[in-house]
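Please read the structure below before turning to the comments.
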């Protein structure tokens, strides 16, 4: 590394347990000089590749690009983890500075004419290079990446594109910070029994712990963390407080002042539209969908509207049932968004004779983590062992070794499960290091993946177990499904490692993995009461399984409305007031006023805090079509852990990353591509035909 003595080597030389970073040796002030040195080192590597006097070859150009920038990758991985999961004012200030610098850095590489000539030459010669399928896809990724970076544009257009990307990076960083600020600053402190009416002990304990952390001993804090706000809206009998909390939750990023995101959205959409036109696309959605399974905005909208029609019809039926409950209590108000979860829980209790509060004592975080690992062992033969006493990036983070059936270390996994004010909301998987088999400059051949999951469960008081809702437990399984996609990767090149797949394929491994949570033998083993250790009663287990599609109209409307607004934003001409476009889109599709989008635009982090899911929020549903069909493959065997099917799943989905086309990967596993029918049936949005009598 071409760095001065003032730089902290711990940022790039990872000498901790089995190659982990030594987090305890890294300070926040180390990042700024490390970025400067890493940018310079990467630029020198790029210039050496671009200026190589030898004719371009796959080895001296593409492979060289694959291993270049290792210092920058390491500094970035550490920094962005900190920015998302344990931020502070110093990190946030640097984030606002680094995001546009990073964009500028990669724009310069993407428009390097000498480098693109080498890539373009190889692309033109690809048929004669004797490359295998994976190498061909890596070459294609690089070539398309350069084209989308503006390599084919004239100099003025390249400069404008670089300026757009730089500005978008800064806007995305500010958007996320604004949402976090609104979440962090808002709290509703409760003290009286009237204010706490209906709240079960597990929620009171969690709220008391949060209040204590804020210096409010003896009080109970409602915060905008999903692990607090959703159960509060579910159980609170105080309608006025439910409305107050709900309005604060849905107004994140829309409160005026410094943290208001509406102007950021308008500028972001205008810049994205301009970028698409510069690159020759009709709109930004067309640009983003160019290299996905869906291919076109029309295909996406077609699927979403097909599901919307059935979901909103089911939601209307659900709303009518809730209205009857409200009337039965002698109340005369309509079903409003702050009422839905509350009365849906009462309806579930009535229809299935169990409530969330009855279920939660059986869903201990520790046991659900164990269940996650057990399913992975049964399906893929791997084992997870926690290593105590290893310092991670926050004291709550836990470190696990992942070994294969032979005992070989194949990955490191970090679990970061609890909400805190320094962590952005939601749940996600990311990597410090991706799996690959290339020889690095230091002589090392290949690297194992170092993967982490971040969740936002309510942290319990000392000495008490963390209890999850069924949705929390699904989230944990979902994110571990992503982690497995990274940890089981078995490819040669970093670019196509693990989750390096198209956006509408990346959710398949995670959403499919969720289904094993509710396999009866898993629930029987791990859903045990935190006080008695007794397994969940069979009668309650049966009710949980019977209620899997309960409230599915509501959940699907919440999601699909968000996905349709995302597509509207990125196919329409930019507007000065995006909130008007949000409202017009919802009116056009007939959004019930009793439900709001799962993510309203001013806090829609997937779409506006960076580029990840912009014009791509639909991908959860696209992958759901795949995962419902994949689940059916196991159901057809009669064994949820069928060894032959599990081997096909690992070999064709979890381990291949982006090394083959996702359609080909899925067909290799299943033998065909799916229709939406299995997904609609799984959600309970269409009737399932009874089996035909045997002939």
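Each value in this text was obtained by applying a stated rule to the coordinates, not by laboratory testing. All values reported here derive from a predicted model rather than from experimental measurement. For neighbour counting, all protein chains shown are included, and Cβ atoms are generated from backbone atoms with ideal geometry for every residue, glycine included.
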Task: Distance histogram in 5 Å bins (all Cα pairs of region 361-546, percent per bin) - done: 1, 7, 15, 19, 20, 16, 11, 6, 3, 1, 0, 0
Open item on the list: Once R0 is set to 41 Å, what does the formula 1/(1 + (r/R0)^6) return for the Cβ-Cβ distance between residue 194 and residue 545, expressed as a FRET efficiency to the nearest 0.05?
Closed with: 0.65
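If neighbour count is taken as other Cβ atoms inside 10 Å, put 655, 355, 431 in order from fewest to most.
Numbers: 655 19, 355 16, 431 24.
Fewest to most other Cβ atoms nearby, the residues stand as 355, 655, 431.
Could you calculate the contour length gain from residue 352 to residue 420, that is, 0.36 nm times the residue separation minus the distance between their Cα atoms, to one decimal place in nm?
Details: separation 68, 0.36 × 68 = 24.48 nm, distance 3.43 nm.
Full extension from residue 352 to residue 420 adds 21.1 nm.
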Task: Rough spin-label spacing in nm, given labels placed 7 Å along Cα→Cβ, for residue 163 and residue 128 - done: 4.2
TODO: Determine the distance separating the Cα centre of region 131-175 from the Cα centre of region 220-244; give it in Å without decimals.
DONE: 43
- [ ] List 247, 118 from most exposed to least, where exposure is judged by having the fewest other Cβ atoms within 10 Å.
- [x] 247, 118
Task: Protection proxy ranking of 239-245, 628-634 - average other beta-carbon atoms within 10 Å, highest first - done: 628-634, 239-245
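Sorted by mean Cβ packing within 10 Å, highest first, what order do the peptides 309-322, 398-411 take? Provide the component values of the computation, followed by the final result.
On the way: 309-322: 17.7, 398-411: 15.6.
Ranked by mean Cβ neighbours within 10 Å, highest first: 309-322, 398-411.
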Task: Cα long-axis angle, helix 133-148 against the chain (0 to 90 degrees, to the nearest 10) - done: 90
TODO: Go ahead and collect, in residue order, the members of region 646-661 whose backbone nitrogen is under 18 Å from a label point 7 Å along the Cα-Cβ direction of residue 144.
DONE: 656-661
Task: Computed label-point distance, nm, for sites residue 263 and residue 579 using a 7 Å Cα→Cβ extension - done: 1.4
Open item on the list: Using 0.36 nm times the number of residues separating residue 386 and residue 24, minus their current alpha carbon distance, what extension gain do you get?
Closed with: 128.4 nm
Task: Inter-label distance, nm, simple model (7 Å from Cα along the C-beta direction), residue 67/residue 121 - done: 2.1
Open item on the list: Given N residues in region 186-250, what is its alpha carbon radius of gyration divided by 2.2 N^0.38 Å?
Closed with: 0.97
Task: Overall form of the chain per C-alpha gyration tensor (a/c, 1.5; a/b vs b/c) - done: rounded
TODO: Using 0.36 nm per residue of separation minus the Cα-Cα distance, give me the extension gain between residue 636 and residue 60 in nm, one decimal.
DONE: 202.5 nm
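If a/c stays under 1.5 just call it rounded; otherwise compare a/b with b/c (prolate if a/b is bigger, oblate if not). Do that for region 1-77, with a ≥ b ≥ c from the square roots of the Cα gyration tensor eigenvalues. Let's see the in-between values first.
Values: a/c = 3.44, a/b = 1.92, b/c = 1.79.
Here region 1-77 falls in the prolate category.
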Open item on the list: Calculate the FRET efficiency for residue 534 and residue 204 from the Cβ-Cβ distance with a Förster distance of 30 Å, rounded to the nearest 0.05.
Closed with: 0.80
Task: region 617-681 shape via C-alpha gyration tensor axes, a/c threshold 1.5 - done: oblate
